[in-house]
Amino acid sequence: MNIKVIAFDADDTLWVNEPYFRQTEEQFCNLLASYAAQHELERELLKIEIDNLVLYGYGIKGFILSMIEAAMKITQKTLSIEVIQHIMELGKQMLNQPIELLDGVEEVLEALKGKYRLVVATKGDLLDQERKLKKSGLNHYFHHIEIMSEKDDANYLKLIKHLDIQPGELMMIGNSLKSDVMPVLNIGGHAVHVPYHITWAHEQIEHSVDNERFKSVERIKEILDFL
């Protein structure tokens, strides 16, 4: 492998993220428990979240708006101001969560620093992702930060053009096969899947990955075995 740049996903690759969404979703369901069963509330919220991605993109702010919209639909627009305020407070709690680095992350970054150009390639709300990166204390490891509206082939091609490298000189490391692996393999790059124990339903894919430029590891520290 002639790798020059190693890109890291942020949420659930560098630090904890998805559990906060699950906890908030559970609180949302408890708030509306008198209107529908939990699985029905979860299904309605997920549908609205996915429908709203084109408008709001990824991140906590879009999630808050989707919760309010779902609650209005579920309650047939009889939602009280107090419930709306409660939902907004749940969102603010998410935005103020401390950053919890995943095991081995800093050890890996320290080992790779100076050997490769390290970048963050993530998606989500610009302000929120910048805030999390700053709070993480990891800024100094990275040559470049790329916050995408969507992780697709076109945006990865823009990234390698900006970095002035060939596709085969990029390795992407992340927890999502859909966002961190498949698009990078599609353009000719290398990808490493580091699964996280919780994955948002929208990020899951049904098929397996069979590609010589693909690796899967159980823990992020295992990438040091072949880099």
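The values are calculated or read from the model by the stated rules, or taken from the named source; none is laboratory data. All of these numbers come straight from a predicted model, not from anything done at the bench. So basically every Cβ, Gly included, is an ideal-geometry build from the backbone, and we count neighbours across all protein chains shown.
If I ask for residues that are touching a residue at least 60 places away in the same chain (Cβ under 8 Å) and either part of a loop (DSSP other than H, G, I, E, B) or in contact with a Ser or Thr (Cβ under 7 Å, 6 or more places away or on another chain) (or both), which ones from region 152-179 would you list?
Selection gives Ile165, Ile173, Gly174, Asn175, Ser176.
In region 39-57, is there at least one residue being outside any helix (DSSP H, G or I) and either closer than 27 Å to Tyr156 by Cβ or in contact with a Lys or Arg (Cβ under 8 Å, 6 or more places away or on another chain) (or both)? Steps first, answer last, please.
Of all residues in region 39-57, those outside any helix (DSSP H, G or I) come to 57.
Okay, now just the ones that are also either closer than 27 Å to Tyr156 by Cβ or in contact with a Lys or Arg (Cβ under 8 Å, 6 or more places away or on another chain) (or both), so 57.
Among the residues of region 39-57, at least one is outside any helix (DSSP H, G or I) and either closer than 27 Å to Tyr156 by Cβ or in contact with a Lys or Arg (Cβ under 8 Å, 6 or more places away or on another chain) (or both), which makes the answer yes.
Which residues, counting only those in region 138-151, are in a loop (DSSP other than H, G, I, E, B) and either touching a Pro at 6+ places or on another chain (Cβ under 8 Å) or among the charged types (D, E, K, R) (or both)? Please lay out each step first, then the result.
Pass one, region 138-151, residues in a loop (DSSP other than H, G, I, E, B): 138, 142-143, 149-151.
The answer is Glu150, Lys151.
Given the criterion modelled with pLDDT of 95 or more, surrounded by fewer than 16 Cβ atoms within 10 Å (Cβ to Cβ) and not polar (S, T, N, Q), identify the matching residue among Gly137, Gly168. Write out each step before concluding.
Working: Gly168 fails: surrounded by fewer than 16 Cβ atoms within 10 Å (Cβ to Cβ).
Being modelled with pLDDT of 95 or more, surrounded by fewer than 16 Cβ atoms within 10 Å (Cβ to Cβ) and not polar (S, T, N, Q) holds for just one of Gly137, Gly168, which is Gly137.
List the residue pairs whose Cβ atoms are under 8 Å apart, where the first residue sits in region 58-70 and is over 18 Å from Glu40 (Cα atoms) and not assigned by TED's automatic domain parsing to the domain that holds Met88, the second is assigned to a helix (DSSP H, G or I) and of a type in the set (A, V, I, L, M, F, W, C), and the two are 6 or more positions apart or on different chains.
none
Taking the condition more than 22 Å from the chain's Cα centre (by Cα) and in a loop (DSSP other than H, G, I, E, B), does Gln85 pass? I'd like the intermediate steps shown before the answer.
Numbers: more than 22 Å from the chain's Cα centre (by Cα): yes; in a loop (DSSP other than H, G, I, E, B): no.
Here the answer is no, as Gln85 does not meet what is asked.
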